[in-house]
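Okay, so here's the structure we're looking at.
The values are calculated or read from the model by the stated rules, or taken from the named source; none is laboratory data. Everything numeric in this text was worked out from a predicted model, so none of it was measured. Reconstructed Cβ throughout: ideal geometry from the backbone, glycine too, with neighbour counts over all protein chains shown.
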Amino acid sequence: MLSTRDLVYCALFAAMVAALGMVPPIPLGFLPVPVTAQTLGVMLAGILLGAKRGGIALVLFLLLVAAGLPLLAGGRGGIGVLMGPTAGFVLAWPVGAVVAGLIAERLGTGARPIPLFLAAAAGGILVVYAGGIPWLWLVAGLPLEKAAMGSLAFIPGDLIKAGVAAATAAAVRRAGVLPAHA
């Protein structure tokens, strides 16, 4: 059972992911997937809220997108977006937050940036790519090798986002702003 405080945190982090969608997406041209800031929110939700609350925050976000709210980067939303070429990445966000949260919880990361970075990267990069690359292959009709190789272009930016998430989470934890994982 979630407490009122847990529900508020989930809603707050869903709103944060939506706010990160206001950063204009950067199209790469060779893939139908733009660079966005929203995976930073996935990483932060997992490593700050923990697996359960982080996953719920991202499920809430996806429900709002499915309802048609234009919360994805570039002002996109609706069921059509969740069936398009970028959907595999987006649909993997709750799982990514759960994995980041589980790793952070298991490592007992506290305010240590390196374990927080590893948790953020595992959930926000590995898991999200594991959902997105096969989806590009199946839905966009890209050869699997091209989808995988094209996704390599995102790794430097995603590693920077994992670093920002780890530094932010470490600072938040040192300040004692959020309670321990549920």
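Please give the helices (runs of 4 or more DSSP H) falling wholly within the range 72-152 in which 1 or more residues are over 17 Å from the mean Cα position of the chain (by Cα). Don't jump to the end; show me each part of the working.
Details: elements: 87-91, 93-107, 113-121, 128-135, 144-151.
Once the helices (runs of 4 or more DSSP H) in the range 72-152 are filtered for at least 1 residues that are over 17 Å from the mean Cα position of the chain (by Cα), what remains is 93-107, 113-121, 128-135, 144-151.
Check off (1) without any contact (Cβ under 8 Å) to a residue 60 or more places away in the chain; (2) out of contact with any helix residue (DSSP H, G or I) (no Cβ under 9 Å at 6 or more places or on another chain) for residue 153 and give me the number that stays unchecked.
It fails just one condition, (1).
Of the conditions (1) of a type outside the set (D, E, K, R); (2) buried (at least 24 other Cβ atoms within 10 Å of the Cβ); (3) outside any helix (DSSP H, G or I), residue 44 satisfies every one except a single condition; which number is it?
Condition (3) is where residue 44 drops out.
Looking at 26, 79, 47, which is the one that is touching a residue at least 40 places away in the same chain (Cβ under 8 Å) and at negative phi?
Values: 26 fails: touching a residue at least 40 places away in the same chain (Cβ under 8 Å); 79 fails: touching a residue at least 40 places away in the same chain (Cβ under 8 Å).
Among 26, 79, 47, only 47 is touching a residue at least 40 places away in the same chain (Cβ under 8 Å) and at negative phi.
Being surrounded by fewer than 19 Cβ atoms within 10 Å (Cβ to Cβ), over 24 Å from residue 171 (Cβ atoms) and modelled with pLDDT of 95 or more is true for just one of 134, 143. Which residue is that?
The conditions single out 134.
Return the residues of the range 1-37 that are touching a strand residue (DSSP E or B) at 6+ places or on another chain (Cβ under 7 Å) and crowded, with 21+ Cβ neighbours inside 10 Å; say none if nothing qualifies.
Correct list: 21 only.
For residue 64, state whether it is part of a helix (DSSP H, G or I), at pLDDT 95 or above, within 18 Å of residue 11 (Cβ to Cβ) and in contact with a Pro (Cβ under 6 Å, 6 or more places away or on another chain).
no
For residue 13, which of the numbered conditions (1) under 16 Å from the mean Cα position of the chain (by Cα); (2) on the phi > 0 side of the Ramachandran plot fails to hold?
All conditions are met except number (2).
Could you check the range 133-150 and list, in sequence order, the residues that are small (Gly, Ala, Ser) and touching a Gly at 6+ places or on another chain (Cβ under 7 Å)? Quick ask: steps written out before the conclusion?
Step one: of the range 133-150, the residues small (Gly, Ala, Ser) are 140-141, 147-148, 150.
Within the range 133-150, no residue meets the criteria.
Name, by its number, the condition in (1) in contact with a Pro (Cβ under 9 Å, 6 or more places away or on another chain); (2) surrounded by 19 or more Cβ atoms within 10 Å (Cβ to Cβ); (3) aliphatic (A, V, I, L, M); (4) over 25 Å from residue 140 (Cα atoms) that does not hold for residue 51.
(1)
The conditions are (1) surrounded by fewer than 17 Cβ atoms within 10 Å (Cβ to Cβ); (2) at pLDDT below 95, and residue 126 fails exactly one of them. Which is it?
Among (1) surrounded by fewer than 17 Cβ atoms within 10 Å (Cβ to Cβ); (2) at pLDDT below 95, residue 126 violates only (2).
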